[in-house]
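Following: one structure in structure tokens, then a few remarks.
The values are calculated or read from the model by the stated rules, or taken from the named source; none is laboratory data. Since we're looking at a predicted model, the values are computed, not measured. Quick reminder, even Gly has a Cβ in these numbers, built from the backbone with ideal geometry, and neighbours come from all protein chains shown. Just the protein is used for accessible areas: all its heavy atoms, side chains included, with ligands, DNA and RNA removed. Shrake-Rupley method; radii C 1.70, N 1.55, O 1.52, S 1.80 Å.
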Amino acid sequence: MTQSNQSSVWHPFTQHAIFPDFLEIDRAEGVYLYTSEGQRIIDAISSWWVITHGHCHPRLQQAARDQIERLDQVIFAGYTHEPAERTANALVDLTADGLDYVFFSDSGSTAVEVGLKMALGYWHHQGIARDRVIVLEHSYHGDTIGTMSVGERGVFNKPYNPLLFSVDAIPFPAESNEQVTLDALESRCREKADVAAFIVEPLVLGAGGMLMYSPKVLREMKLICERYEVLFIADEVMTAWGRTGTLFACSQADIVPDIACYSKGITGGFLPLAVTMCATRIFDAHYSPDRSKTFFHSSSYTANPIACAVAAANLEMWQEDAALDAVRKTASMQGEKIARIATLDSVTNVRQTGTIVAMDIQVPDRGYLSEIGTQLYLKFQKSGILLRPLGNTIYVLPPYCMSEEDFDRVYDVIAETISDLTRTQFS
Ligand SMILES: *Cc1c(COP(=O)(O)O)cnc(C)c1O
């Protein structure tokens, strides 16, 4: 089978046999994408969770322009540059006290890989035999071999299973079942002192289906880790930058992770960049005249100056009140608009954390490969809305500049599409 458009491009997470055609996007502004044929599309998922203040934000564009004139790229081992130092300082300022060092990389997956390596290195260099990782069921941490190992096992990674390392998974803290999760975490930590780290997406498990749990559980999990000296890795790749209603999800639980991973919106969605931040004691465990304790990790474009300049401009925006005001406005608008959908018969499990809203469509066939996801996606696209359901879960995760009018349009289309589809499915 060939692609109808004769392109050689192999797209991510795309079954080309089912989706042979691709909309070509020519430009973007705010919440809008414009196709080369002039169709306007509302980007209701922030282009896969990366866009925060809107597409092509003028301040970020300017920062990129200015930097392009000065310095394109430079080796980051043994060298540094002003945009990286400025980004690191702003990150240390904005995050909770206790995240003192910043390690740069270029994607969420690599930020998590780095976090896992930091955790293992921390114990190894002290001569302590701790090398197990505990994870939460339904987690997603990326698509590299290491991050797939700590993520949910399933259809996504079945062919690669022989390469994945083994971890201990504890149940997701579903509402009124939270104690089961806490007990499982505690008993695994107590059982054997071989646990190096616990890795978790705070408050919202994104790719796992926008599953949400309370700050209280997040806090309890951190306290258990402290009790057993297990390193706590917060994967805030999706949840940071206002998504959950606060700049970082962890602050709602009043906890400071030992290691934290940030990417996606770190440049406002402008350029790829990621960081792994950590406590001083983790840096110190690698600090030694002994070269074998060096942190052996790098990617060619570590701390690319243009990406860092944009990140620094973005972080400057987060130091001003307007950015969080926009988050609050987005969250309250989401709450208002979802209330209408929640009354539809075929909609269940309506949930919201900050600016993220999700709902499940009642269908016999559930899960990521659920047929309904594909049908919904195409119908939304036809109506000029970019929404990409996770199986039978529809979620809205907008940039923080969506107008009330556009929110109404998005939710009108969701409501119409759901009633159309469920009518034809069940009649
Ligand atoms: C997207 C995501 C990742 C992976 O980030 P990439 O930049 O796609 O590699 C890791 N963790 C979480 C929680 C994510 O949502």
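So if the hydrodynamic radius of segment 1-101 is defined as the Kirkwood radius over C-alpha pairs, what does Stokes-Einstein give as its diffusion coefficient at 25 °C and 0.890 mPa s, in µm² per second?
After rounding, the answer is 139 µm²/s.
Kindly rank 39-46, 352-359 from highest to lowest mean number of other beta carbons found within 10 Å of each residue. Please report the intermediate quantities before stating the final value.
On the way: 39-46: 20.2, 352-359: 23.6.
Peptide ranking by packing, descending: 352-359, 39-46.
Counting heavy atoms of the protein chains only and a 1.4 Å probe, report the per residue accessible area for segment 41-139 as a whole number of Å².
Value for segment 41-139: 46 Å² per residue.
Could you work out the local net charge near residue 284, counting Lys and Arg as +1, Asp and Glu as -1, over the other residues with Cβ closer than 12 Å to its Cβ?
Combined, the nearby Lys, Arg, Asp and Glu give +1.
How tilted is helix 321-341 with respect to the longest principal axis of the chain? Cα atoms for both, answer in degrees (0 to 90, nearest 10).
Computed tilt is about 50 degrees.
Take 34, 400 and sort them by solvent-accessible surface of the protein heavy atoms, 1.4 Å probe, largest at the top. Can you show the working numbers first?
Values: 34 45, 400 15 Å².
So the residues, ranked largest to smallest area, are 34, 400.
To the nearest 20 Debye, how big is the dipole of segment 1-94 about its Cα centre, given +1 on the beta carbon of each Lys and Arg and -1 on that of each Asp and Glu?
80 debye
Antiparallel versus total DSSP beta bridges in segment 71-318: what percent is that, nearest 5?
If I count the DSSP bridges inside segment 71-318, around 45 percent turn out antiparallel.
Kindly provide the helix-only [θ] at 222 nm of the chain, computed as the sum of -39,500 (n - 2.57) over DSSP H runs of four or more divided by all residues, to the nearest 500 deg cm²/dmol? Provide the component values of the computation, followed by the final result.
Working: 12 runs with 154 residues, N = 427.
About -11500 deg cm²/dmol.
Determine the distance separating the Cα centre of segment 175-195 from the Cα centre of segment 368-423; give it in Å without decimals.
Cα centroid of segment 175-195 versus Cα centroid of segment 368-423: 37 Å apart.
Please arrange 10, 241 by accessible surface area, largest first, computed with a 1.4 Å probe and ligands excluded.
I get 10, 241, largest accessible area first.
Long-range amide H contacts for residue 231: which residues qualify at under 5 Å (H placed 1.01 Å from N, peptide plane, sequence gap of 5 or more or a different chain)?
Residues meeting the amide H criterion: 197, 198.
Pop a pseudo-label 7 angstrom from the Cα along the beta-carbon direction at both residue 226 and residue 26 and give the gap in nm to one decimal.
Taking the simple label geometry, residue 226 and residue 26 are separated by 5.6 nm.
Say each of residue 408 and residue 316 gets a label point 7 Å from the Cα, pointing the same way as Cα to Cβ; how far apart are those two points in nm?
3.7 nm
May I ask you to list the residues of segment 159-202 whose amide nitrogen lies under 14 Å from a point 7 Å from Cα along the Cα→beta-carbon direction of residue 214?
Of the residues in segment 159-202, 173-182 have backbone N under 14 Å from the label point off residue 214.
Put +1 on the Cβ of each Lys and Arg and -1 on the Cβ of each Asp and Glu in the chain; which of 341, 62, 370 then has its Cα farthest toward the positive end of the dipole?
The Cα lying farthest towards the positive end belongs to 370.
Rounded to the nearest 0.05, what FRET efficiency do residue 7 and residue 72 give with R0 = 25 Å and r taken as the Cβ-Cβ distance? Could you check?
For R0 = 25 Å, the calculated efficiency reads 0.30.
Work out from phi, with θ = phi - 60° and the Karplus expression 6.51 cos²θ - 1.76 cosθ + 1.60, the ³J(HN,Hα) of each residue of segment 11-25, listed in order in whole Hz, and give x for Gly and Pro.
Taking θ as phi minus 60°, the curve returns 8, x, 6, 10, 8, 4, 6, 9, 10, x, 10, 10, 6, 9, 9 Hz for segment 11-25.
Say each of residue 283 and residue 94 gets a label point 7 Å from the Cα, pointing the same way as Cα to Cβ; how far apart are those two points in nm?
1.9 nm
At a 1.4 Å probe radius, carbon and sulfur cover how many percent of the accessible area of segment 71-318?
Numbers: 5500 of 10150 Å².
Carbon and sulfur: 54 percent of the exposed surface of segment 71-318.
Just the number, please: percent antiparallel of the DSSP beta bridges in the chain, rounded to the nearest 5.
So the antiparallel bridges amount to about 65 percent of the total.
I need the peptides 155-167, 255-267 ranked by packing, meaning the mean over residues of other C-beta atoms within 10 angstrom, with the highest value on top. Before the final figure, lay out each step's value.
Numbers: 155-167: 11.6, 255-267: 26.9.
For the peptides 155-167, 255-267, the packing ranking is 255-267, 155-167.
Tell me, what is the per residue accessible area of segment 223-263 in Å², probe radius 1.4 Å?
Numbers: 1020 Å² over 41 residues.
Counting only protein heavy atoms, the per-residue value for segment 223-263 is 25 Å².
What part of the accessible area of segment 18-70, given as a whole %, is carbon or sulfur when the probe is 1.4 angstrom?
47 percent
Explain nothing, just compute: Karplus ³J(HN,Hα) = 6.51 cos²θ - 1.76 cosθ + 1.60, θ = phi - 60°, for every residue of segment 280-293 in order, whole Hz, x for Gly and Pro.
Working through the residues one at a time gives 3, 5, 6, 4, 4, 5, 9, 8, 6, x, 7, 4, 5, 8 Hz.
Going by Cα centres, segment 23-67 and segment 230-297 are how many Å apart?
So the two Cα centres are separated by 26 Å.
For residue 211, what residues show an amide H to amide H distance below 5 Å, using hydrogens built from the backbone and excluding near sequence neighbours?
Amide H neighbours of residue 211, under 5 Å, 5+ apart: 205.
Can you give me the pair-distance distribution of the chain, C-alpha pairs, 10 Å bins, whole percents?
Going from the shortest bin to the longest, the percentages are 4, 21, 31, 27, 13, 3, 0, 0.
Quick one: length gained pulling residue 14 to residue 166 fully straight, 0.36 nm per residue minus the C-alpha distance?
Working: separation 152, 0.36 × 152 = 54.72 nm, distance 2.75 nm.
Stretched fully, the residue 14-residue 166 segment lengthens by 52.0 nm.
Whole-Hz ³J(HN,Hα) for each residue in segment 396-403, computed from phi via Karplus 6.51 cos²θ - 1.76 cosθ + 1.60 with θ = phi - 60°, x for glycine and proline: what do you get?
Coupling constants for segment 396-403: 10, 9, x, x, 7, 10, 6, 7 Hz.
Put +1 on the Cβ of each Lys and Arg and -1 on the Cβ of each Asp and Glu in the chain; which of 200, 151, 353 then has its Cα farthest toward the positive end of the dipole?
It is 151, whose Cα lies furthest towards the positive end.
List nothing, just return the count: lysine pairs in the chain, 8 or more apart or interchain, with Cα separation under 21 Å.
Numbers: 117/192; 117/222; 117/264; 117/293; 192/222; 329/337; 337/379.
Total qualifying Lys-Lys pairs in the chain comes to 7.
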